[in-house]
1. Considering only the range 41-72, state which residues are more than 19 Å from SER132 (Cβ to Cβ), assigned to a loop (DSSP other than H, G, I, E, B) and of a type outside the set (Asp, Glu).
2. Select from the range 1-28 the residues that are of a type outside the set (A, V, I, L, M, F, W, C) and either at pLDDT 95 or above or buried (at least 18 other Cβ atoms within 10 Å of the Cβ) (or both) and list them in ascending order.
3. Starting from the range 93-109, keep only residues that are surrounded by 14 or more Cβ atoms within 10 Å (Cβ to Cβ), then list their pairs with residues that are assigned to a loop (DSSP other than H, G, I, E, B) and of a type in the set (Phe, Trp, Tyr) whose Cβ atoms are within a distance under 6 Å, requiring at least 6 positions of separation or different chains.
4. Consider ILE67 against the criteria (1) surrounded by 15 or more Cβ atoms within 10 Å (Cβ to Cβ); (2) more than 17 Å from GLU127 (Cβ to Cβ); (3) modelled with pLDDT of 95 or more: it satisfies all of them except one. Which criterion is unmet?
5. Check LEU103, LEU111, LEU60 and return the single one that is touching a Pro at 6+ places or on another chain (Cβ under 6 Å) and either closer than 19 Å to ALA17 by Cα or aliphatic (A, V, I, L, M) (or both).
Amino acid sequence: MRTVSEESFEAGRRYTATTREITVSVAPHFVEEHSEPDSRYFLWAYHVRIENKGNETVQLLTRHWRITDAMGHEQEVRGEGVVGKQPVIGPGESFEYESGCPLSTPSGIMLGTYQMVSTSGDFFDVEIPAFSLDTPHSRPVVH
């Protein structure tokens, strides 16, 4: 079963997807103080929370991101773990981290997957919900 939702919260929006009882929530925000719009450099930070709502321990092995800017240019990022870690997440536990993404346009979109393995040896992909990157100074665009 897979569900996706978008919820408002204090600092902006939180995007959520659930795959096989693993819930991934992402809260992006524009980092204005480190962006340089005149130089076409726009920076976002995003906070990720991965919750294991299932009955089996899982480990995050790899990540795969697709990042698309406002001009439609797509970049793919693949690698082991997240922020240098391959966390093990037991039933009822969660793992949180922060990362960032620069773009050369004032808006874009990110989405992806985490590859997980369960203690029973089952490999599966968990959806990272699509989330919008829009500066607070521009009109939001549906991507």
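1. LYS53, GLY54, ASN55, THR57
2. Residues satisfying the conditions are ARG14, TYR15, THR16, THR18, THR19, ARG20, GLU21, THR23, SER25, PRO28.
3. Hits for this filter: zero, empty list.
4. Condition not satisfied by ILE67: (2).
5. From the options LEU103, LEU111, LEU60, the qualifying one is LEU60.
The values are calculated or read from the model by the stated rules, or taken from the named source; none is laboratory data. Since this is a predicted model, take the numbers as computed values, not measurements. Glycine gets a Cβ as well: all are built from the backbone with ideal geometry, and neighbour counts include every protein chain shown.
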